[in-house]
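Notes to accompany the following structure.
The values are calculated or read from the model by the stated rules, or taken from the named source; none is laboratory data. The structure displayed is predicted, hence computed values, not measured ones. Backbone-built Cβ (ideal geometry, glycine too); neighbour counts: all protein chains shown. The area values use the complete protein model at the heavy-atom level, side chains included, leaving out ligands, DNA and RNA. Shrake-Rupley method; radii C 1.70, N 1.55, O 1.52, S 1.80 Å.
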Amino acid sequence: MSEAKSQSFRFGSFELNSANKTLSKDGQPVSIGDYEPKILAYLIQNRDRIVSKEEILKNVWGEIHVKVGAVKYHISQLRRVISEDFVRTCGRQGYRFVQQSGKRLPKPRQSGGIEDKYGRILGEVEFIALSAERALQSSLHDDATKSANNGLEMLKKMPRSAARSLLELRLLSILNLPYMRIFGYGSPQVEQIFLRIEELCRKLDDAVQPVPALWALWLFYHVRGNLLRARKHAERCLQLAMRVQNPSLLAGSYAALGHTKSHLGLLIEANDHLTEAVAQAETTTTESYAHLHLIEPGVASYCQLAVNYVIVGKPEQALLMIADGIARAREIDPKESLGFALVYAAWTYQLRREQNKVAKYAEEALDLAQRCKLPQIHLWALIFASWADARTSEPAGPLSQIETALSMQALANAQIARTVFLSMQAEACLFNKMYDQAAAAIAKALPTIRSTREQIYEAELLRLKGITVLTSSPVEANRLFRRSIVVARGQGAQLFALRAALALARLLPKGKSKNQAIKDLKTIYSSFEEGQSTADLTEVNEFLSKV
């Protein structure tokens, strides 16, 4: 089959345009995925012979690594539209294009009508999208925004079709990064982009192309703190990525689901997803995620694993994960991934209660955020730096900075990790014996858990609330510590269970209840196979040695 720009091929009531790989029936565009017309075009080109699945993979997907099963899936999708009379399965040898009537395929004709006009528009928009993506990769955000908006205006002249929808998704995905940077996650401009992306994704049923758009939707709802909706999009991403076994798509999908499940408090499931994301990311290039959506899946997965490992009782393995995450991030542009890794390093060491390391990584993140104009990274880093400062200096300044950062986060409508930050604010207040201020922070955090389902720090917040009422209501403190232990153990959050069990053992007077509390503390303590020199385990060991 020759590749003339305006070539089209007719068979039955269908017509395939070989220039832009679009399919129509009785002159009307057919809603179909992006790969099906490409497979059909290749089969028509080689209609005099049987074409193997491996040959289709090589010539349709090129260097993109997918499994042979992807061919079978897309052939089945193609047959839903044109029937298997045209595409025959030849035993285990492969597939062959067969004219339904048994006649020879007509010679290519040159179209000069409306199909040719729309084909030219699609081709021009495809070129604009490519130029916008290159501008985005070069951090030329104004150029990318201008090109993407021009492309969207041109698409308005097109009739509805799968080809148009896929191009619109591509252009909207390009726009989302500069718009998030300019207007913030909570802006009407950004929300309208993502509502339109969601609408287009509902209309399409393709195994590859919607994944980046669904991933963008996941990130949007995850950052906004709508975790149940984020989980839904992440699960859809993974479902589609698994159909074609593309390592890049799998890495992003596993990373997305792992992150959201982490914040939902499903730590064991999350760690499985994140480990798989790391394995997939190590086999392929995933930097396109960083250019289009701020975050690279490999970096994101290493870093979230580091935090999760500390919480589930693997503090030494956590250090290996965060070191790998930072090393990977230093090789990636743009720098959001490095900023992400640095604040997660601060988070990892904050959980280990190593305030000097927290300060070190938070300061590096602040410097990077200032140089590269990364407002979200700046907010996270400011909170960690202030937490460290509140333990070594006059607390008024650092606590005021935490409050400012939380207010800015609320204005940006970026709710993710808000319960984590409120917990840190409460902890910093308690360290400085500011019990009323700590209680106020916890009073904001617990309702946030109910509204966002961000339960990763639920056990820790219950423990901290127990500390605030120790003097006024020991009975209530007892209840809160016990509830914290139940929640933590249900999540596999051994660190938080250990902290609450220690608080309970210290609270109870001598007697049967205290003896049981000490026994439970010993059981939790013995579950830690590493990290005996960390602050929490050292504190428990010292307590147990005296009872």
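Summary of values
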| quantity | calculated |
| --- | --- |
| Area accessible to solvent at W215, 1.4 Å probe radius, in Å² | 0 Å² |
| Placed amide H near C90: partners under 5 Å, 5+ positions off or other chain | Y95, R96 |
| Cα→Cβ-extended label distance, 7 Å offset, between I268 and Q516, nm | 2.4 nm |
| Per-residue ³J(HN,Hα) for region 376-381, Karplus 6.51 cos²θ - 1.76 cosθ + 1.60, θ = phi - 60°, Hz, x for Gly and Pro | 5, 5, 4, 4, 4, 4 |
| Which of I128, I456 is most accessible, then next, and so on - probe 1.4 Å | I128, I456 |
| In degrees, nearest ten, helix 188-203 long axis to first principal axis of the chain (Cα) | 50 degrees |
| Violating pairs (Cα-Cα greater than 28 angstrom) within the set K38/K157; K21/K232; K465/K519; K465/K514; K465/K546; K21/K156 | K21/K232 |
| Mean separation of Cα contacts under 8 Å, 6 or more apart, over the residue count of the chain: relative contact order % | 9 percent |
| Helix 535-546 axis, angle to the chain major axis (alpha carbon atoms, nearest 10°) | 30 degrees |
| The chain, accessible surface, carbon-and-sulfur percent (1.4 angstrom probe) | 50 percent |
| Cα-based convex hull, region 290-394, per residue volume (Å³, whole number) | 84 Å³ |
| Solvent-accessible area per residue, Å², over the chain with all protein chains present [probe radius 1.4 Å] | 43 Å² |
| Net charge contributed by nearby residues that have their C-beta within less than 13 Å of P395 (K/R +1, D/E -1) | -2 |
| Relative packing of 497-503, 145-151, 196-202, which averages over residues the other C-beta atoms within 10 Å, highest first | 497-503, 145-151, 196-202 |
| Principal axis dimensions, the chain - Cα atoms, whole angstrom, descending | 95, 49, 36 |
| Dipole in debye (nearest 20) - the chain, about Cα centre, beta carbon charges: Lys, Arg +1; Asp, Glu -1 | 1600 debye |
| Nearest-ten-degree value, helix 162-183 long axis tilted from longest Cα axis of the chain | 30 degrees |
| Equivalent-ellipsoid semi-axes of region 346-417, from the Cα gyration tensor, Å, largest first | 19, 15, 11 |
